[in-house]
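Student: Have a look at this one before I ask anything.
The values are calculated or read from the model by the stated rules, or taken from the named source; none is laboratory data. Being a predicted model, the structure only gives us computed values, none of them experimental. Counting neighbours? That spans all protein chains shown, and the Cβs are built from the backbone with ideal geometry, glycine included. These accessible areas exclude ligands, DNA and RNA; they are computed on the full protein's heavy atoms, side chains included. Shrake-Rupley method; radii C 1.70, N 1.55, O 1.52, S 1.80 Å.
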Amino acid sequence: MPRMRFSALVLVASSLVLSGAVTSDGFGPTLDSARKNGPQIFNALHNAMREFGSALHHNGMSLFPAVIPEGVILYHGDGTKEVPKKPDWLAFEIEHAEAFARSWGRPRNDTDGKRYPDPLELAIQAQLHEGGNPPKYPPPFEYKPGHLHVYQARRPLNVLYIDGTSAGKTDMGTVDTQDILLLDHRDRSPWGDFERADELCSLAREWKIDGFIRMEPGFEIIYCDFTNGLRQLSANQRPERDDPGMVNSSSISMFEWARAAAQRYQGIGSSRVLLDYSSMFSAFFYPTNLTNPDAERPELPRLVGASDDELRVMREHITDSIARSISHRHEPLNWQGVTDMIVTRYASRLPFIAQAYSVDILRDEVNHLLNTHIDYSEDDDGFSAAQQRCAEFYLQPVQARTLEDQLLYVAIESTTAAICAALFTARKLVVEDSESDESAAFSAAKEVVSNLTQTLSWYEWKECGRCQPDEVCFIAMWPFGDVEDHYNPSCLNYTAVIGRNNYWRTPGKTPGHRPPPLACAEGQTCQDDKSLGNEEL
């Protein structure tokens, strides 16, 4: 029997203590929901603060209280050298901030009553067009060199990490957790990030945190008060356009920005962000409707179907989780480490089984994985005890302390149980059923494991491998990336990364893509399909 079992009734009772509210029908986080959404919760843990997985599973549904330790260096690109007086952005990578270290001639609120884009919009669009020129808007938009600011954390900074590609201004669901869940806006345009930042920082003041971590090509912080918690180390002016020190090629600038983001595919590095997994919130913990109304993208969860009462309960859960994380300062369980151990064990072996070219190899590989859990001296009808040992193997060191720990335990156990069930099914087909048609059993076993990999959807199966020095493994990261870059990331050189943006859908900017042709989904090239031509912003 498993070491840990929690009833849904006990869990809901715990949520009453933690959040102080449920709906009239008892709506709250449940073990059944965590179990049902196990692979999605598993991926949220495994992908947290990792660029590649967060780009692949770009509609995040989870939030993590976090701390940026004292001394961490952060970057900010601006048109002036002055410390921002309002909420603004900090980047973890130099190249990310450099993209915004320029000015197009108008300050944030000086519009003369006309429609002018904000600096963020201009800087990103400049990167998408060769030559670094802004799009055509009402004048004046003369390039002026900006400043690269360098800041250091004077103290531990309390932040809330919003997972997925949460800085992606799309209507695909990338900002659902901000607009719908945190800010109670169902109809807001995905753009308008200054207004979004102002409202998020109003919440930050309530919660006594310093800002919010989000992701685009690189992780960023919406930092609410630059005069509190930061020390400005420098604010160096960038070169004029005709200065020999100027990087004149947008291809190189874009490539180096992508390279900097790619260096964080496996994590932010150097313990620059400490996530409190034991206080994690996820919409996947709840029995709410996360169905995407876009029937062509069912794999992307959305919050549009959640009721107002359900969202209210979730918001109170988030408030409580942040307060507990800040006040207790407990050592959180390293749930991401647990997922890493599981992925390391199975990520290369499952595709090996699914693609095995002989039944003997498949049989040996399945036995290799499962013999760890089988005691051949015991009478274990149907290997039920061995299968349970397999499912719990990497959870043995875990001692759950919080409500969230309990939910995460069940989610991970449901995921490993699915892995073990598939492997024992394959074993039955090719090891135990000696009288069956070997060819049919071989094909059936491969199909079982192949279907499992589709359910798990681990980002490791999309990675490019080692690229050449003049290349980067390129996955679609808003606002960059074509359809093929999302479904089949590949090594691209600096001449190929510029102008790729037809995957993302932002109203009034990019139309997004039609459903991928079957060739894309099966890992073959998409480029021959004329429907996938590049759309300019």
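Student: For residue 358 and residue 289, FRET efficiency with R0 = 60 Å and r from the beta-carbon atoms, rounded to 0.05?
Tutor: Working: r = 45 Å, r/R0 = 0.75.
That gives a FRET efficiency of 0.85.
Student: Averaging the inverse of every distinct alpha carbon separation and then flipping it gives the Kirkwood radius. What is it for segment 351-472, in angstrom units? Intermediate results must be reported in sequence, preceding the final value.
Tutor: Numbers: mean 1/r = 0.0612 Å⁻¹.
Answer for segment 351-472: a Kirkwood hydrodynamic radius of 16.3 Å.
Student: Using the basic label-point model (7 angstrom from Cα toward the beta carbon), what is the residue 186 to residue 432 distance in nanometres?
Tutor: Result: 5.0 nm between the two label points.
Student: Per-residue accessible area for residue 348 at 1.4 Å probe radius, Å² rounded to 10?
Tutor: Rounded to the nearest 10, that gives 80 Å².
Student: Could you compute how much accessible surface residue 341 exposes when probed at 1.4 Å, giving the result in Å² to the nearest 10?
Tutor: Rounded to the nearest 10, the figure is 110 Å².
Student: Same structure again: Cα-based Rg (one decimal) and Dmax (whole number) for segment 211-261, in Å?
Tutor: According to the Cα coordinates of segment 211-261, Rg and Dmax are 14.9, 38 Å.
Student: Figure the gain on full extension for residue 461 and residue 307 (residue separation times 0.36 nm, minus the Cα-Cα span) and round it to one decimal in nm. Numbers along the way, then the final one.
Tutor: Values: separation 154, 0.36 × 154 = 55.44 nm, distance 3.52 nm.
Using 0.36 nm per residue and subtracting the Cα-Cα distance, I get 51.9 nm.
Student: Okay, next question. Going by average Cβ neighbours within 10 Å, how do the peptides 46-58, 256-268 rank, with the highest at the top? Could you put the intermediate results ahead of the total?
Tutor: Working: 46-58: 24.4, 256-268: 20.8.
Packing proxy ranking, top to bottom: 46-58, 256-268.
Student: Going from most exposed to least, what order do 279, 443, 358 have by accessible area with a 1.4 Å probe?
Tutor: Numbers: 279 0, 443 70, 358 30 Å².
Largest to smallest exposure gives the sequence 443, 358, 279.
Student: On the Cα set of segment 22-98, report Rg and Dmax in Å, please.
Tutor: Cα-based Rg and Dmax for segment 22-98 come out at 18.4, 54 Å.
Student: Averaged across orientations, what area in nm² does the convex hull of the alpha carbons in segment 286-392 project?
Tutor: Values: hull surface 48.6 nm².
Approximately 12.1 nm², given one-decimal rounding.
Student: What distance in nm separates the two pseudo spin-label positions at residue 249 and residue 232, each 7 Å out from Cα along the beta-carbon direction?
Tutor: Output for this residue pair reads 3.4 nm.
Student: Tell me which chymotrypsin sites (Phe, Trp or Tyr not before Pro) from segment 282-379 have a DSSP coil assignment and no more than 15 other beta carbons within 10 Å of their own.
Tutor: Details: sites: 284, 285, 335, 346, 352, 357, 376; in loops: 357, 376.
Those satisfying the criteria are 357, 376.
Student: Here's a follow-up. Please provide three numbers in whole Å: the alpha-carbon extents of segment 427-468 along the principal axes, with the largest listed first.
Tutor: Principal extents (largest minus smallest coordinate, Cα): 49, 22, 13 Å.
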